[in-house]
Structure formats: C-alpha cells, structure tokens
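Below: the structure, in structure tokens.
The values are calculated or read from the model by the stated rules, or taken from the named source; none is laboratory data. What you see is a predicted model, and the numbers here were worked out from it, not measured in a lab. With ideal geometry, Cβ positions are generated from the backbone for all residues, glycine too; neighbour counts draw on all protein chains shown.
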Amino acid sequence: KSLAAAGYGLTTSYISPRSRIKNQKEAIDRKRNELIAATALALPLFVVGMAHVHSGWSIGLQFLLASILSFYFGRKIHSKAFALAKMGSTNMDTLVSLGSLVAYAYSIVGLAMGSHDQVYFESAGLIIYFILIGKLLEDRGKLSNSKALTALLSIQPNEAILVEDGRQQKVAVESLELDQLVWIPPAQRIPVDGIVTEGSSTIDESTFTGEPLPVEKGMGSKVWAG
C-alpha cells in the first residue's frame, strides 16, 4: 500500500531479462514520442517568452503552451510529487513540480494584478520539458545497463559440479547453498562466487576489471561467477 500510495507499482511475477528489456524499450519509445510532441510546444514557448513581448496574444500563447506542458506532459511528475507529499516524503520530482507550479501560480497572480511583465510561464513549462529530456536519457542509460547485465548473465553456467562425500554430481547453480564445495574443471567458467580451497589456476577477469591478462588464483583467492 505504501508503494502504491507513493506512485510506484509492484509485481510479484517473474519477468525474464528479455521481457524486461523489451518493456524498457517500449517505455523509451513512448517517452521519445511524448518528448517530440512536447518539443513542438516548448520551442515556441521559449521563443515567445525570451522575446519579452508583453502583448495580450503573447501572454495568452505562453499561458496555453505552459499549461499543456506543465499539466499534461508533467502530470506524472506532479502526481508522484503529491503522492510523496501525502506520505511526508520528497524526491527530485517534488522539486521539479514545486518549481513549475510556483512559477505558474506567480504568473497567474501577476496577470490578475495587471502586471504583464511579471509572468514566468516559459519557466513553468520549460522546467518540465528539460526534465522530460533528462528522464529519457536516464532510461536509455538504464537500458544499456540492463543489456550489459543480461549479456553477463547469459555467459554464466547453468550447472555446477558439486562435491559431497568425495562424490561429484552436476546440479543447478540455483540449488547451491553457502559453504558447499564445487569443482571447476580446467577451461570451464566459474558458476558461482566463492573462495579457492584447493588447487591453482589462471582466470580471465577482463569482464569485471577490464584487464586483458589472466590473473593467478590459488588457495584463499576470491573468484567470481562468469
């Protein structure tokens, strides 16, 4: 309930890495389309606002464009900010929402008082616009990280050779427990993180460290899956 009240969703079903990446791509496509539409409003708002033309048509156009940018394209930002406020919490959405709404409200008050040179509708709308750009870039970064993590997991072995009572048997990696002994044949990938208890070898850790040269491992050395 607390998560839902804060504007976050929660699912208990398993989502495969491939499905997760697909969902992320679809979300990025939606945000990109929204950003294109928002750009069509933000550019004229910026031009008219920076021109400092205080005629009736200019103020009316700024009011219209800023209203759409702030309350339609920024609706998710405002809703999350309000949800967090109800819980006595804040995050970056709170600052963005507050900044946009204060600029918008100040401009409305300025108009009501007949002061056309004290309106900041362009600020109210452009704050939301620039945050939309930032969120799209953030999602692209997350997608790149997800792809890299998925690629890393894809090379990890699904099975390990468990040693118990002097006998060896292949088991699923997911079934291994803490302090169990695993044998790794030469030239095989390491199935799980652990500590070497016997033997020595060289291991390619370039995936983790970027170093191309093999690393010597012996008794007591830490090793990582992959």
For this session: Taking SER89 as the residue in question, decide whether it is part of a helix (DSSP H, G or I) and assigned by TED's automatic domain parsing to the domain that holds ASP29.
Result: no
For this session: Scan region 118-160 residue by residue and report those that are in a helix (DSSP H, G or I), in contact with a Gly (Cβ under 8 Å, 6 or more places away or on another chain) and β-branched (Val, Ile, Thr).
Result: ILE127, ILE128, ILE131
Problem set entry | Residue under evaluation PHE71, criteria (1) in contact (Cβ under 8 Å) with a residue 12 or more places away in the chain; (2) closer than 12 Å to GLY125 by Cβ, criterion not met | (1)
Exercise. For residues in region 36-83 being on the phi < 0 side of the Ramachandran plot and in a loop (DSSP other than H, G, I, E, B), which is surrounded by the most Cβ atoms within 10 Å (Cβ to Cβ)?
Worked result: GLY74
Exercise. Any residue in region 139-151 that is farther than 30 Å from ASP93 by Cβ and of a type outside the set (Phe, Trp, Tyr)?
Worked result: yes
For this session: Kindly state which strands (runs of 3 or more DSSP E) lie completely within region 162-226 and contain at least 2 residues that are in contact with an Asp or Glu (Cβ under 7 Å, 6 or more places away or on another chain).
Result: 167-172
Exercise. Would region 179-190 turn up any residue that is at pLDDT below 85, in contact with a Ser or Thr (Cβ under 9 Å, 6 or more places away or on another chain) and surrounded by 10 or more Cβ atoms within 10 Å (Cβ to Cβ)?
Worked result: no
Exercise. If the Cβ limit is 6 Å and pairs must be 6+ apart or interchain, which residue in region 96-108 that is at negative phi and among the polar types (S, T, N, Q) pairs with which residue that is part of a helix (DSSP H, G or I) and surrounded by fewer than 21 Cβ atoms within 10 Å (Cβ to Cβ)?
Worked result: SER97/HIS78
Exercise. Which members of region 109-138 meet the condition of being without any contact (Cβ under 8 Å) to a residue 24 or more places away in the chain and out of contact with any helix residue (DSSP H, G or I) (no Cβ under 6 Å at 6 or more places or on another chain)?
Worked result: VAL109, ALA112, MET113, GLY114, SER115, PHE130, GLY134, LEU137, GLU138
Exercise. If we scan region 171-186, do we find a residue that is touching a strand residue (DSSP E or B) at 6+ places or on another chain (Cβ under 7 Å) and of a type in the set (Ser, Thr, Tyr)?
Worked result: no
